[in-house]
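The structure appears below as structure tokens.
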Amino acid sequence: MQYIGLGSAGVKVSRICLGCWSFGNSAPWMIELAETRKVIARAIDLGITFFDTANEYSRGRSEEILGECLKDRRDEMVVATKVYFPMGAGSNDSGLSRRHILQQINGSLKRLKMDYVDLYQTHRWDYTTPIEETLRTLDGLVHQGKVRYIGTSSMWARQFAKALSISDRLGLERFVSMQNHYNLCYREEEREMIPLCREEGIALIPWSPLGQGFLTGKYRRTESPDSPRYKSSKVFAERYFHPENFDVLERAQEVASEKGAPVAQVALAWLLHKGVTAPIIGATKVEHVEDAVKSLELKLNENDIKRLEEPYKPHPIWGHR
């Protein structure tokens, strides 16, 4: 395993982050506690120390499962969770208000069975709450010891620049990481967000690095998908099942064949060669974790990267809301 600083923060994380979206019971492809124990145990064996979840994943069940699996290894791990999406039907049960954040950090800590989280992230931009209110609240959580660092996810670059500027002006804790949508089939973040993050020393920890499984190579242009995820997720089908994305996938399959590696490893290796801190991989089987870790050893030269990027066509923006 390789380890790297989380942007300009002092904490070190593994270069593969295990995402916990698939832990719980809210979709057919997800796994519960017994299966998750095997996945997390293997991840730890392979040196993964970085785990990412959110309060809304299976309405808190993901946090409960992660906390149970890590309870004997807490001090060795870097645990991240998120806040924003609805956790109830009330008018104050979502967003980034002081009220909601303070309520949700306590709920997350209780479910995780932890005294603090290493990285607390805003899941989306809140258009109804002043960013100053959000940043002051997060700063307070750091000073209370409930949170070690703060991060964020999926917004416009101008919004992120505004947040960083306000933190600097008011002397508040700064976001140290950006969890954005970035993979071989979706590279719009290269226009503004990624250059901004590099300039500001922000860690890049992209979500959906394999396009929700599209870049694993199990789907074909000429075949009607039969997977539970495709059948139950309208968003998955709308985002990835287009001719231009199959052009990218098939090029990645060509490079993978030449390297003697699975296409998923090539897709992850490309991200690592592009300088991201740690792609957040989803896993429902031990083999998924093993393949992801092997991507750290896969070398791509300049020609490989050029060929992988060549078929890409610009997309509408996805994932900011």
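Brief remarks on what is shown
- Residues that are out of contact with any Lys or Arg (no Cβ under 8 Å at 6 or more places or on another chain) and at pLDDT 95 or above within the stretch 83-93 comprise just one, Val83.
- When residues of the stretch 205-219 are limited to those that are of a type in the set (Phe, Trp, Tyr) and out of contact with any strand residue (DSSP E or B) (no Cβ under 7 Å at 6 or more places or on another chain), the one nearest to Ile4 (Cα to Cα): Phe214
- Set Met114, Met1, Met87: member being over 30 Å from Glu199 (Cα atoms), assigned to a loop (DSSP other than H, G, I, E, B) and in contact with a Leu (Cβ under 9 Å, 6 or more places away or on another chain): Met114
- Long-range neighbours under 6 Å by Cβ, at least six apart or interchain, first residue touching a residue at least 60 places away in the same chain (Cβ under 8 Å) within the stretch 46-72, second surrounded by fewer than 20 Cβ atoms within 10 Å (Cβ to Cβ) and hydrophobic (A, V, I, L, M, F, W, C): Gly47/Met1; Glu56/Phe85
- Pairing each residue of the stretch 270-290 that is in contact (Cβ under 8 Å) with a residue 60 or more places away in the chain and on the phi < 0 side of the Ramachandran plot with any residue that is of a type in the set (Asp, Glu) and outside any helix (DSSP H, G or I), provided the two are 6+ apart or on different chains, yields C-beta distances under 8 Å for Ile280/Asp52.
- Only residues that are more than 21 Å from the chain's Cα centre (by Cα), surrounded by fewer than 17 Cβ atoms within 10 Å (Cβ to Cβ), outside any helix (DSSP H, G or I) and not acidic (Asp, Glu) were counted across the stretch 272-310, and they come to 2.
- Test result for Lys259, among the basic types (Lys, Arg), farther than 22 Å from Ile40 by Cα, touching a Leu at 6+ places or on another chain (Cβ under 7 Å) and touching a residue at least 12 places away in the same chain (Cβ under 8 Å): yes
- Scanning the stretch 237-293 for residues that are at pLDDT 95 or above, among the β-branched types (Val, Ile, Thr) and touching a strand residue (DSSP E or B) at 6+ places or on another chain (Cβ under 8 Å) turns up Val276, Thr277, Ile280, Ile281, Val289.
- Residue check, Glu63 surrounded by fewer than 17 Cβ atoms within 10 Å (Cβ to Cβ) and assigned to a helix (DSSP H, G or I): no
- Counting the residues of the stretch 45-54 that are part of a loop (DSSP other than H, G, I, E, B) and either surrounded by fewer than 24 Cβ atoms within 10 Å (Cβ to Cβ) or small (Gly, Ala, Ser) (or both) gives 4.
The values are calculated or read from the model by the stated rules, or taken from the named source; none is laboratory data. The structure displayed is predicted, hence computed values, not measured ones. Ideal geometry is used to build each Cβ from the backbone, glycine not excepted, and the neighbour counts take in all protein chains shown.
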